[in-house]
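The values are calculated or read from the model by the stated rules, or taken from the named source; none is laboratory data. Note that the structure is predicted; figures quoted are calculated from it, not measured. Here the Cβ is made from the backbone with ideal geometry for all residues, glycine too, and neighbour counts use every protein chain on show.
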Amino acid sequence: MRKSFLALVTMFGLLFLSLFYWQICADIQDHPANPRYYQMFKEDRGVIYDRRGVPLAASTSDGTIFARNYAAPSLCHVVGYFHQRYGMTGLERRYHEDLSQGRSLITTLDLDVQKVAEQALAGKQGAVVVVKPTSGEVLALVSSPGVDGNALDANWSNYLGDERSPFLNRATHGLYPPGSVVKPIVYGAALGEGLVERNQIWHDHGSMVLENRTISNYGGKAHGSITTDQALAVSSNVVFAQLAMSLGDRLIEEFRRFGFGMDVGFDLQNLGGYLPAKITSAYDAAQLGIGQGELLVTPLQMASVVSTIANGGVLMRPFVVQEVRGGLKMRQITRPQSISQVLPGSQARDVQEAMVLAAREGTAQTSLPLSLDYGGKTGTAQTGSGADHAWFIGFAPTERPQVAVAVLVEQGGSGSQVAVPIGVTVMDAALRVDE
């Protein structure tokens, strides 16, 4: 009797767990055990287009099932993939219901810019996000390495065994210390609080001691007597540590206004990073002011930051799907959406001009043979182990910016040497396709 009772309890337990899984946990509609799951691969599917009407994802049939073809491997982290064995991701999943009804997506992506960013990042681990500052339209989103949606069957086992995590969308889910790319935010906050003037003179000796710990410039370089604009251009940790200490908890508030510590309202899921609730010491403040310490951000967040600065301080919601059309339903159109005036226009222009100085005379210069007129800021973020992460954020042209970019190269070393050439190349391409 006792054994029978235990057997009955076990059976009821298994039955309960099974019901709980199928009723609560499982996505039955898209589950491979559901016969209807395979039916959707026997039907045509809506096309996903770029902003110029070029197909990014379209279906072809072998007479039995329909398979998706993708215009570029790097689309895997934004358009995603749709596969009978491996399921669906990205926009393919987010808009599955519309696409399965034959409706088409018109995205904000530009395939030419996407391919340039893909090539510029080839062989590196990192991400590139390109945005139109005035609207929030995402022109390109690349995470490297990735998976090729056209070759999943051939490469799946290799992807699973790749220690570089090719399934990770580094643009939306990679969390990194930002390093000096946060200095434009610090500068704008200090200007807003009346704590600094652009032509104020600072004496940079290369390092400073706080609470028995040392904060040094990159390479320990002493910049001597410099203005605040020049301090941003040469990326002086000494100056920006002092600005951050003057701001105190107001710096946390400013980071939050730019969206740190919360996910970006975007078509694809993304992480919010980490922003401390408060500053506990002068040294912590100094560390935050140079983008180190506990602060963590995604490349998508930094693209939003530089877009806001380039857009006169107005934060726009980034988006990648501008229209859903076809079928019996009405067209769904996404309009540009202003979130808030993060910086007054005059302060945003001041920060822009300091970033232009960085591109012309400071750490954001490039030796590439391009005539691009741009503003930018580099970052070389310490990781605690291994080489530094290389960052670049920038906008172009300097008058009425039309494009903004964020570049992150994992353990790439110097932002000036590694990230700047990528960002400048991509911005130049983005402006050329609009000519």
Query - Scope the stretch 180-192; condition in contact with an Asp or Glu (Cβ under 9 Å, 6 or more places away or on another chain) and either of a type in the set (Val, Ile, Thr) or in a loop (DSSP other than H, G, I, E, B) (or both); matching residues - result: Ile185, Val186
Requested in this report: Within the stretch 385-407, track down each residue that is closer than 18 Å to Ser144 by Cα and part of a strand (DSSP E or B).
Outcome: His389, Ala390, Trp391, Phe392, Ile393, Val405, Ala406, Val407
Report summary line: Reported set for the stretch 62-86 where residues are without any contact (Cβ under 8 Å) to a residue 60 or more places away in the chain and on the phi > 0 side of the Ramachandran plot is Gly63
Query raised in the report: Taking into account only those residues within the stretch 26-65 that are farther than 19 Å from Arg94 by Cα and touching a helix residue (DSSP H, G or I) at 6+ places or on another chain (Cβ under 7 Å), which is modelled with the lowest pLDDT?
Result: Asn34
Query raised in the report: Any residue in the stretch 84-98 that is of a type in the set (D, E, K, R) and under 12 Å from Met40 (Cβ atoms)?
Result: yes
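From the list Thr298, Thr308, exactly one residue is touching a His at 6+ places or on another chain (Cβ under 9 Å) and either closer than 17 Å to Ile393 by Cα or not assigned by TED's automatic domain parsing to the domain that holds Asp50 (or both). Which is it? Spell out the reasoning first.
On the way: Thr308 fails: touching a His at 6+ places or on another chain (Cβ under 9 Å).
Answer to the check: Thr298.
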Query raised in the report: How many residues are surrounded by 14 or more Cβ atoms within 10 Å (Cβ to Cβ) and part of a loop (DSSP other than H, G, I, E, B) when one looks only at the stretch 337-368?
Result: 8
Query - Qualifying residues in the stretch 313-333 (those that are modelled with pLDDT under 95 and assigned to a loop (DSSP other than H, G, I, E, B)) - the one nearest to Glu399 (Cα to Cα) - result: Arg331
Query raised in the report: Among the listed residues Ser165, Ser135, Ser104, Ser180, which satisfies the condition of being in contact with a Gly (Cβ under 8 Å, 6 or more places away or on another chain), more than 28 Å from Met40 (Cα to Cα) and among the small types (Gly, Ala, Ser)?
Result: Ser180
Report summary line: In the set Gln301, Gln347, the lone residue that is among the polar types (S, T, N, Q) and under 21 Å from Leu268 (Cβ atoms) is Gln301
Query raised in the report: Looking at (1) within 16 Å of Phe260 (Cα to Cα); (2) touching a Pro at 6+ places or on another chain (Cβ under 7 Å); (3) surrounded by fewer than 23 Cβ atoms within 10 Å (Cβ to Cβ), which is the only condition Ala171 fails?
Result: (3)
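Please enumerate the residues belonging to the stretch 316-337 that are closer than 24 Å to Arg257 by Cα and touching a Gly at 6+ places or on another chain (Cβ under 9 Å).
As a first pass, look at the stretch 316-337 and keep what is closer than 24 Å to Arg257 by Cα: 316-320, 334-337.
Across the stretch 316-337, the qualifying residues are Met316, Arg317, Pro318, Phe319, Pro336, Gln337.
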